[in-house]
Amino acid sequence: MGAAAAAAAVAVVLVAFLCCGAAQVQQQQRQRQLRFDGRRGEFRVLQVADMHFADGKTTPCEDVLPQQMAACSDLNTTAFIRRVILAEKPDLIVFTGDNIFGFDATDAAASMNAAFAPAVASNIPWAAVLGNHDQESTLSRQGVMKHIVGMKNTLSQVNPTGVHVIDGYGNYNLEVHGVQGSNLVNKSLLNLYFLDSGDYSTVPSIPGYGWIKPSQQLWFQHTSSKLKRSYTNKPHPQKGQAPGLAYFHIPLPEYSSFDSSNFTGEKLEGAISSPTANSGFFTTMVESGDVKAVFTGHDHLNDFCGELTGIHLCYAGGFGYHAYGKAGWSRRARMVVASLEKTDKGSWGGVKSIKTWKRLDDEHLTAIDGQVLWSKSFSRKGM
Ligand SMILES: *[C@@H]1O[C@H](CO)[C@@H](O)[C@H](O)[C@H]1NC(C)=O
Ligand SMILES: *[C@@H]1O[C@H](CO)[C@@H](O)[C@H](O)[C@H]1NC(C)=O
Ligand SMILES: *[C@@H]1O[C@H](CO)[C@@H](O)[C@H](O)[C@H]1NC(C)=O
């Protein structure tokens with residue numbers, strides 16, 4: 001996407017901060033407000049899961065066909081991101097953790113700079129959360145998240161301001177506002193939540209992966225109800241709630257609720273690698289009512305979406321070449337597109353539908369498994 005198109009997709013708001021002394025000039029920080037595109041009434045999100053980036057061209061691929069090994073490195077991951085960005089022209093790129101594979105990355109900062117470089121260069125806003133491998137190189141989880149937040153074009157945040165105690169690093173939300181010039185220009189029509197699903201349990205009696213803690217769920221509940229209030233507030237009060245999407249790394253225990261009879265996609269890994277403890281975040285989201293779909297990574301060979309109690313639980317499938325995969329089974333990415341409805345007066349209204357599909361890293365970037373995740377007409381009660 002060119003700079004002009006990116007500028008059309010997002011309004012660039014200049015926020016001026018008066019600095020410390022009289023001699024100091026104003027510091028300006030660019031803050032980009034995400035919003036729906038005024039021509040198509042769409043907002044497009046590209047999810048990249050598990051890049052597992054390490055040192056670049058010296059880092060070999062895993063699980064590719066024997067004849068592909070010699071010419072394959074982290075740079076294939078880079079090439080795939082570039083290609084999929086060009087093909088899909090997303091309005092936001094979301095990296096759902098294990099962005100770098102810490103054990104093999106010599107320098108965490110350099111590895112992240114290289115891993116996110118195609119997103120930075122595209123001039124498209126991007127957001128990232130942490131997986132369980134990001135902190136295994138030269139930076140702690142906090143250090144990794146701080147580095148990400150300092151990078152160009154990112155909307156990532158370490159943690160929400162005004163919250164005293166919250167577990168993890170990289171818990172934040174982004175609002176996607178209505179079309180510029182429409183009545184809904186100042187309202188969030190799509191609520192995006194990003195959470196740190198942790199790495200490993202620190203409770204000796206509970207083995208396995210980490211989980212989304214009560215402090216994070218409290219923040220989520222508070223944020224969701226605040227967004228609901230502003231959605232229904234004057235001017236231009238809307239009914240119900242704007243739909244939401246949640247992005248994090250480790251799947252919830254509820255991801256094991258499906259089999260091939262009730263999901264779209266594949267489950268090539270026997271077990272779901274969720275935490276062994278269920279901290280209740282799924283139920284928290286059901287209660288809050290706005291989240292319509294959850295997107296994780298972590299299990300590279302699972303790429304399905306299944307619906308439970310009105311919430312789709314989706315994987316993206318593995319993206320990175322220095323990550324375990326399956327030779328002959330293409331690396332992949334997930335797209336989500338939210339579309340606005342037209343009001344009786346002919347202007348853009350709230351979200352009408354949310355669709356998803358995946359793109360394979362094959363010759364034609366084949367799109368597969370298109371499905372509707374949510375549609376306003378199917379859920380009169382909620383909206
Ligand atoms: C990796 O990239 C190289 C160089 O562009 C290319 O020749 C090779 O086919 C790619 N390998 C895979 C598995 O995509
Ligand atoms: C949106 O907010 C801006 C800035 O506060 C205000 O000037 C404008 O009138 C608002 N527009 C609508 C439609 O609410
Ligand atoms: C999916 O189908 C299986 C039976 O094939 C059933 O046990 C399971 O409860 C279903 N899950 C959902 C979420 O409907």
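Some points to look at:
- For the range 98-134, applying the loop criterion from DSSP together with a ceiling of 11 other beta carbons within 10 Å to the chymotrypsin sites (Phe, Trp or Tyr not before Pro) yields PHE103.
- Alpha-carbon centroids, the range 196-246 and the range 313-383: separation in whole Å: 21 Å
- Under a Gaussian network description of the chain, with springs only between Cα atoms under 10 Å, the residue in VAL179, VAL149, VAL165 that fluctuates furthest is VAL165.
- Farthest towards the positive end of the charge dipole of the range 34-378, among the residues ILE212, LEU313, LEU174, is the Cα of LEU174, using unit charges on the Cβ of Lys, Arg, Asp and Glu.
- About the Cα centre, charge dipole magnitude for the chain (Lys/Arg +1, Asp/Glu -1 at Cβ), debye: 1980 debye
- 31 Å Cα-Cα threshold exceeded, pairs from LYS152/LYS226; LYS292/LYS342; LYS267/LYS342; LYS234/LYS292; LYS267/LYS352: LYS267/LYS342
- Residue among HIS236, HIS300, PHE258 farthest towards the positive dipole end of the range 208-324, charges placed on Cβ: HIS236
- Normalising the average separation of contacting C-alpha pairs (under 8 angstrom, six or more residues apart) by the number of residues puts the relative contact order of the range 35-105 at 52 percent.
- Virtual spin-label span in nm between LYS152 and HIS236, 7 Å along Cα→Cβ: 3.3 nm
- When VAL351, VAL120 are sorted by how many other C-beta atoms sit within 10 angstrom of their C-beta, beginning with the fewest, the order is VAL120, VAL351.
- Between PHE103 and THR309, the FRET efficiency from the beta-carbon distance, with R0 = 41 Å, is close to 0.65.
- Figure legend: label point modelled 7 angstrom from the Cα of SER201 along Cα→Cβ; residues of the range 254-277 with amide N under 13 Å from it are 274-277.
- Distance between modelled label sites at SER375 and LYS355, nm, 7 Å Cα→Cβ extension: 1.0 nm
A short reminder: the numbers here are calculations on the coordinates, not readings from a lab. Computed from a predicted model, the values in this text were never measured in an experiment. Note that we place each Cβ from the backbone using ideal geometry, even for glycine, and neighbour counts take in every protein chain shown.
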